[in-house]
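Worksheet: the structure to be examined is printed underneath.
Read-outs throughout are calculated quantities, based only on the coordinates presented, and are distinct from any laboratory measurement. All of these numbers come straight from a predicted model, not from anything done at the bench. Cβ placement follows ideal geometry from the backbone for every residue including glycine, while neighbour counts extend to all protein chains displayed.
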Amino acid sequence: MTGKIITSKAAGGIPERSPRRKPTINDVARVAGVSFGTVSRVLNNAPDVSASTRERVLQVIQDIGYRRNRAATALVTNRSTSIGIVTDGSPRFGPVGTLMALENVARKKGYAITVISAERPYDDSVQAALDTLDDIGVGGIIVIAPVVDMAAAVWNASCRVPVEMIAAGASSTPNVFTYSENQELGARLATQHLIDLGHTDIAHIAGSMDWFDGRVRKRGWEAALRAAGLPPGLCLEGDWSPRWAYETGLQLVREGSVPQAIFAASDHTALGLIRAFTENGVRVPDDVSVVGFDDIEGSDYFLPPLTTVRQDFTALALMSMEVLIGAMEGREVDRTPIPPTLVVRNSSTRATPRKGQPAKGV
């Protein structure tokens, strides 16, 4: 007889998995000696199950290899167990880190993920991506939109399920709600750290203003200087890459315009600057303090170890998922952006007067 569950004496009476049929919830109930409803309550984390029964059911699930049928669950509960994610396919640290964290958090919460990349022109590709995800029955969609023109396409699109957009500093609309980390606060923390060290000539080597991240980080730098009564310093806009930052650093050295301190828009930007300075005898932090943003893996092994702003992608993903699930369930969820953290290392130090400059009293 094919497709049956065979009992193994070596396994203490626990059925072995047949290669011809997947174990069902009824198999779990029979082996555990409980009802179908009890297994269902365990799977849904219902509180009205004793600890011993819950442990026994979970052990049987593990032993016989039962896996929940998401499609069947959706039919019974009339609630989708899948979520769609739309990205722009960017290889940059922020979007990739956000995507990986979202996938991990969604899986732990019992949701399947379908990811679609949208490409320029976004007006066409974003709507097509939303339509595809809607057609396959996702319960909600998260759009990772680092660039402004992609966000505009999302705002102009239509969709029958809740749509959340992760875009730093962007506003919600009636059809699209947003969530992000408070990157403007992170930029203010970085700049204020340099101000507290006595620096008054603080430049910003910025990211692209086509990106929300670039805009809000520049805004935070400006706000911190303004609050301290300091004039805006040098600001140069780039493409986030270490290569561009390296070439920019070489230009500053050639022109003799290296500032007292630099808030770099990303750790990769800081990396390029530090190499350019070091190769040309400009010491970090003795001659110029440098602060980055992201706390990428290995930033504590830069030479010198990099002072930077740490983004918590896991916390961002957890809150983003809570916000989306709340919208799917029709309940309000706190949408306060999560704060980043300043990590102080050796690339920043107290200001010292340069030749021909009076001491600042620090």
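The helix-based estimate of mean residue ellipticity at 222 nm for the chain, built from -39,500 (n - 2.57) per DSSP H run of four or more residues and divided by its residue count, is -13000 deg cm²/dmol to the nearest 500. The modelled label-to-label distance for the pair Asp334/Met100, using points 7 Å beyond Cα in the direction of Cβ, is 2.8 nm. Residue order for Cys159, Cys235, fewest other beta carbons within 10 angstrom first, comes to Cys235, Cys159. Relative to the longest principal Cα axis of the chain, at what angle does helix 122-135 sit, 0 to 90 degrees, rounded to 10? Around 20 degrees separate the two axes. Comparing Cα centroids, region 40-56 and region 230-251 end up 57 angstrom apart.
Residue exposure proxy: Leu271, Leu197, ordered by other Cβ atoms within 10 angstrom of their Cβ from fewest to most, comes out as Leu197, Leu271.
Legend: ranking of residues Arg335, Arg120 from fewest to most surrounding C-beta atoms inside 10 Å; resulting order Arg120, Arg335.
Reported value for region 205-362: 134 Å³ per residue, from the convex hull of its C-alpha atoms.
Taking GluC sites (Glu not before Pro) in DSSP loop states with no more than 10 other Cβ atoms inside 10 Å as exposed sites, the chain has its longest site-free stretch at 1-296.
Of the residues Ala32, Ala351, Ala157, the one that moves most in a GNM of the chain with alpha-carbon contacts below 10 Å is Ala32. Between helix 51-64 and the chain there is an angle of about 90 degrees, using the helix long axis and the longest principal axis of the Cα atoms. Here the gap between Glu119 and Arg254, fully extended at 0.36 nm per residue and compared with their Cα-Cα distance, gives a gain of 44.7 nm.
Fully extending the segment from Asp134 to Arg30 would add 33.7 nm, taking 0.36 nm per residue of separation and subtracting the current Cα-Cα distance. Helix 313-329 and the longest principal axis of the Cα set of the chain meet at an angle near 50°.
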